[in-house]
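The values are calculated or read from the model by the stated rules, or taken from the named source; none is laboratory data. What you see is a predicted model, and the numbers here were worked out from it, not measured in a lab. As a convention, Cβ positions derive from the backbone with ideal geometry for all residues, glycine included, and neighbour counts pool all protein chains shown. Surface accessibility is based on the protein's heavy atoms, side chains included, excluding ligands, DNA and RNA. Shrake-Rupley method; radii C 1.70, N 1.55, O 1.52, S 1.80 Å.
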Amino acid sequence: MSGTGEGGGPSVDAVRLWRGLAGAAVLLDGFHALKHALRFGASVPVALTSDKTGALALAADLAPDVADTLDALLVETDDATLRVLVPRLHPTAVAALADRPSRVANLEALARRPRTAPVVVLDDPRNLGNAGAVIRLAAGFGATGVVTTGTLDPWHPTVVRGGAGLHFATAVERLDDGALPEGPLFALDAEGDDIRGITLPDDAVLAFGSERSGLSPQVRARADHLVSLPMRPQVSSYNLATSVGMTLFHWSAQHGPAAAKS
């Protein structure tokens, strides 16, 4: 194991680089977040682990496509040092810092028409974990992007952790509710028409209200269509990520597998 004491070396240099970047970089917390980020082109200037042998064994088993990259990138340090840098250390004992994608490039991707896959809008979400789960779903279905309104930062470390590093697989940005991407807006609402009778176009903007208060008046007023998910009577609601997953599945079932659109 590389030491972090006096005398320098790769571990000392990597820790010093980490401390210099930590304020502005995206924290990739755990092996799976780093794996996904690398697969989707993230720029990762530093990655640390207290168990490089274990991390590379995981890569050989679960992600051989990035195993060589991880071997070259990961720097081993001691567990105590790593836990100072990342107090809530992932069980895989891997953490990395990535450059955040260009906001300009993300906004261009969200605005580009025609789109081949919907944009998901989370209207004033409140739960960081839910937002991360939605981004993971959106990436899996090949959505164009995920937009949040309100105060929640979609690049908060807890959101990135919930998204398993898949922020780099889709365009993720926070926008004002008056600046949403163009396209027919389908807003999920209990009073809407049953989604099973509706075709969602590829360029749809799919809006989901907050966990506490539902759709904001501004987004609801802008909606071209109010749609609802099938739900047993006396069940009040679904989890936000579940609602997004059901809606994206409905879209994908109408238009073919996500892989065909990549």
### Residue match in segment 3-22 (condition: in a loop (DSSP other than H, G, I, E, B), at pLDDT 95 or above and surrounded by 13 or more Cβ atoms within 10 Å (Cβ to Cβ))
no
### Task
State whether one or more residues within segment 126-143 are touching a strand residue (DSSP E or B) at 6+ places or on another chain (Cβ under 7 Å) and at positive phi.
no
#### Entry: Boolean, LEU38 is open to solvent by 20 Å² or more (accessible area, probe 1.4 Å), under 14 Å from the mean Cα position of the chain (by Cα) and at pLDDT 95 or above
yes
### Query
Quick one: in segment 215-236, which of the residues that are polar (S, T, N, Q) and open to solvent by less than 40 Å² (accessible area, probe 1.4 Å) is farthest from the chain's Cα centre (by Cα)?
SER228
### Query
Pairs, please: C-beta under 9 Å, at least 6 apart or cross-chain, first residue touching a residue at least 60 places away in the same chain (Cβ under 8 Å) and in segment 13-26, second open to solvent by less than 80 Å² (accessible area, probe 1.4 Å) and aromatic (Phe, Trp, Tyr)?
ALA25/TRP18; VAL26/TRP155; VAL26/PHE168
### Query
Of all residues in segment 89-123, how many are open to solvent by less than 10 Å² (accessible area, probe 1.4 Å) and polar (S, T, N, Q)?
0
### Task
Out of the residues in segment 64-82 that are within 15 Å of LEU97 (Cβ to Cβ) and part of a strand (DSSP E or B), state the one that is least open to solvent (accessible area, probe 1.4 Å).
LEU74
### Query
Which members of segment 124-140 meet the condition of being part of a loop (DSSP other than H, G, I, E, B) and open to solvent by 50 Å² or more (accessible area, probe 1.4 Å)?
ARG126, ASN127
#### Entry: ARG212 open to solvent by 30 Å² or more (accessible area, probe 1.4 Å), touching a Ser or Thr at 6+ places or on another chain (Cβ under 6 Å) and closer than 19 Å to LEU128 by Cα
no
## Note on the structure
Note on PRO87: of the conditions (1) without any contact (Cβ under 8 Å) to a residue 12 or more places away in the chain; (2) assigned to a helix (DSSP H, G or I), unmet is (2)
